[in-house]
Structures are given as C-alpha cells and as structure tokens.
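Derivation of every value follows stated rules applied to the coordinates shown; laboratory data play no part. All values derive from a computational prediction rather than experimental measurement. Every residue, glycine among them, receives a Cβ derived from its backbone with ideal geometry; neighbour counts consider all protein chains shown.
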Amino acid sequence: MPADAQRGEGERRSQRLAERRPGSGEICSAVMFVGLAAAFLVWGLVRVFAAYPAPQQPAQVLRRRELALVSAVADALFPPGGAIPESGREADVAGYVDRLVAASQPRQRALMRALFFLFEHATLIFPAAGGLRGLRRFSSLDVGAREGVLERWRTSRLFLRRLVFTSLRALCTLGYFASPGVLRSLRLAPYAIDTPVCEADLWYPPIGASRASLRRTRADLTPASDGVPLAQGAPLLAGYGKPRA
C-alpha cells in the first residue's frame, strides 16, 4: 500500500476514535447522573433503615422500623388521656402485633409486613400537612399530623386506601383490647375461677389444642362448683390484676 494511502487510513482511524471519545459535557453529565443516583440511594437507605428507636423489649420477628410504625399508628388511634387512660403505646400494641405476625403463616406474615412498609412510606405519595415536613415517614410525624393522615385514609374516595386503613386499624385494635390494663378499665378482665374437671374434659381438648393433648383420666375428676356467684371485687386472673407499685 502506498505511503500516502497508509497515512490517509491512519488519519481516518484517528478521526473516528476522536469522534467516539466523550466530550467534557458528556463526562460532566455522567458524573452528575452517578452523583444524583448515589445521593438518592443513600437518602432511600436512610429513610428506610436509619434513626429508628430501640424497641422497649425484644421482638420475635418485626424489625425496629415495623415496631415504630405500629406504635405510632396505635398512639394515633388510641391517644393518651382518652376515655381509656392507657394509650396504644402503653398497651404494647406493637408487642401484640409482633407475636401475631410470628404466629401467622408465611404468606400472611409477608402481607402484614408489606402493609407496614406501605403505610410508613406512603407519605411520599399522600403527604401529611406541613409542606415538605409532611413527606417524612409516618412514624416521624408529630401526633397531630399522624391523626390527620389516618383520617384522610379513613375517608378517602379510593377503596384501596380505605382497605389499607381498615386492615391496619384492625390489627391495632386487636392488640389494644388484648391489654390487661384496657380490659380492667372496661371491667372486662377475666376473674380467677377455680374450674372443676368434668366428664367433657376427658373427651375434648382445650380450644386450639389437639386431641393428643388429652392427658386426664377419671381420677382427675373434681366435684362440681357450688354455684355461688363471684363478687365484683373477686380476684382477677393472673396477669390481669393491677401491677404492684
């Protein structure tokens, strides 16, 4: 190949390589995109995982963020100083929900945890009042803002929003009315009753137990109750009495 042709081919190759090289503007745009993506990723990680308070007691399956969400919802639904003095947080609604989730089937467990995540971060789509502060996660809002958010979900024209609110309220209500303090305030705490062992106990297991749990024989039978009604001031079942100071 002649020398002039070789030089021309080399110049064309150099020109093509120069055209393929990104310019300074393209490099700056790429750096900005990577920086924004990294900042967004860090912000998302901080929002989802960071700055949640330590739980009051060890949990079985729920994470800090899930316990914080349930406690925040329970306090908004059942605030302190209401008709029943005990608040949702004082009734340990989060502890009850944690035990309920742990006892549930894997599919139901996943659905409940997805419900908690959705409601915690739905303020990005349905913000609370207060401008940019209303975009904070639900558990970081003040009590008044939480109550406003719950009310808007309750009265929303979107069926799915009302369904999410009803599901979350049902879980918190179960936990609240399982609290011994709440039952004492409602005078629904169970009394300590000396239950006799009758013939039926030899054939039918306790509620929720299998027949394999039957261990009693006729030797365990006891006399029937004397039929005397319990007094209103009778002792309560263990765990339902007022805690000692």
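Here are the numbers:
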| item | result |
| --- | --- |
| Hz values of 3J(HN,Hα) by residue in region 159-169 - Karplus curve (6.51, -1.76, 1.60), Gly and Pro given as x | 4, 4, 5, 5, 5, 4, 4, 4, 5, 5, 5 |
| ³J(HN,Hα) computed for each position of region 67-77 - Karplus, 6.51 cos²θ - 1.76 cosθ + 1.60, integer Hz, glycine/proline x | 5, 5, 5, 5, 5, 5, 5, 5, 5, 6, 6 |
| Segments 73-79, 193-199 sorted - mean Cβ within 10 Å per residue, highest first | 73-79, 193-199 |
| Point-charge dipole on Cβ atoms (K/R +1, D/E -1) for region 64-178, about Cα centre, debye to 20 | 560 |
| Cα gyration tensor, region 64-178 - rounded (a/c under 1.5), prolate or oblate | oblate |
| FRET efficiency, Ser104 to Ala234 (Cβ-Cβ, R0 51 Å, nearest 0.05) | 0.90 |
| Selection from Ala122, Ile84, Ala68 lying farthest towards where the dipole of region 64-178 points positive, charges on Cβ | Ala122 |
| Cα-based shape type of region 160-241, given that a ≥ b ≥ c are square roots of the gyration tensor eigenvalues and the cut on a/c is 1.5 | oblate |
| Under 5 Å, built H, 5+ apart or other chain: amide partners of Ala189 | Arg184 |
| Amide proton proximity set for Leu236, modelled H, under 5 Å, gap of 5+ | Ala192 |
| Cβ-based charge dipole, region 64-178, positive-most Cα from Met112, Ala94, Leu171 | Met112 |
| Fully extended contour minus Cα-Cα distance, from Ile207 to Asp142, at 0.36 nm per residue | 19.2 nm |
| Residue-count net charge about Arg146 - beta-carbon cut-off 14 Å; Lys, Arg +1, Asp, Glu -1 | +2 |
